[in-house]
Amino acid sequence: MPVCCLLVSEDDSHKPIQLHHQRSVTLGRGQKKMFFFLAVELRADCSRGFISVKQLGVNPTSVDNVVVGKGNQVIIKPGQRLYMVNQQYPYRVKFTEDTSTARSAADLSKPSKRPHQMSSEGNGEKIKSPANTTSTPHTDHHRISDDSPPPKKTLPSESDKSVNWSKGINYFKNILIAPNFYPQVYKDDQVVVIKDKYPKAQYHWLVLPWDSISSLKALRSEHVELLKHMQRVGDQMLQQCPDAHKLSFRLGYHTIPSMSHVHLHVISQDFDSPCLKNKKHWNSFTTDYFVESRDVIAMLEHDGKVTVKEGTSELLKLPLRCHVCHKEQPTIPKLKEHLKAHLPS
């Protein structure tokens, strides 16, 4: 029987992917089904028993512990491990003589589910799973996700629990894989800058490192240069801002961030935004809950870590006070009305 190749997810996130002999397969991930991010291009050589792997995206793909690198190509054989997106998605290669036998094996068996429709990259066209097409295209696309039906392609509201800022690292991954939904205004090999999806001021950017760092508490001395770079990028955003000459800005971090991935806020101090809705929003930027970027860097340089004081979360419950004149205000609407007096003319 002819030999076929299977790419098997070691975390059982989806059923095995069949790689046909000498046919390119583009492998990516769809964190929320509506998103699609190309990561690697695979081509199986079933007669010689190996797969060529080419990294397409910026997120590192590695074979065992060796990073492939964007644009580079390596060979993977049975017994080696392929890791996608910073070693978060492990795969192994299996060659078998019979596809049906392989799929019925205990380690590969998965219930058959209705396939998705997916958007091909760049042109917005719909392509169906190869299993449901009358002619097999030369390049197949797969998503690393479950096979449940995709939701409607609408952006979530701030209170939507299915895709919420508080989902932390999942939200950050969506930022990386869906630039159409989360426009990237700047990126380099260390960081990416986006506009805050729910800005709390007229100008509100987030500077996020590509490295996965969960919180300020996870920072160590070796991160100092990264944070200095984030500071410089934030300053660069201000230099490009058309209203920088009349608005004041702060660059800093929430001591207890709402997203479980370290991110630097670059925010104007007008706080003129409909997304600023409650006391928690206000106090998170106008009390010691918000720590200046340079103070975080200085703490790391001096102590080798960032210390978050006990009871910091209680700062979010403080009375509403104007950040300019410190006059207390009874409600958010009253506060916003009061802030107009401090806006530049």
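Observations, loosely collected:
- Percentage relative contact order, the range 165-342, counting C-alpha pairs under 8 Å, at least six apart: 23 percent
- Sorting Ser62, Ser258, Ser47 from the fewest to the most surrounding beta carbons within 10 angstrom yields Ser47, Ser258, Ser62.
- Of Pro274, Gln240, Ile256, farthest towards positive along the dipole that unit charges on Lys, Arg, Asp, Glu beta carbons give the range 217-332: Pro274
- Taking Cβ atoms as reference points and 14 Å as the exclusive limit, the residues near Val74 contribute a net charge of +2, counting Lys and Arg as +1 and Asp and Glu as -1.
- Members of Lys195/Lys336; Lys195/Lys279; Lys217/Lys246 lying beyond 25 Å, as alpha-carbon distances in this model show: Lys217/Lys246
- Cα coordinate range in the range 196-298, projected on the principal axes (Å, largest first): 37, 30, 22
- Globularity index of the range 165-342 is 1.01 (Cα radius of gyration / 2.2 N^0.38 Å, N = number of residues).
- Sparsely packed loop sites in the range 285-327 (the GluC sites (Glu not before Pro) outside DSSP H, G, I, E and B with at most 11 other Cβ atoms within 10 Å) comprise Glu310.
Values in this text are rule-based calculations from the coordinates and carry no lab data. Bear in mind the structure is a predicted one, so any value in this text is a computation, not a measurement. Because the Cβ atoms are built from the backbone with ideal geometry, glycine has one as well, and the counts that use them run over all protein chains shown.
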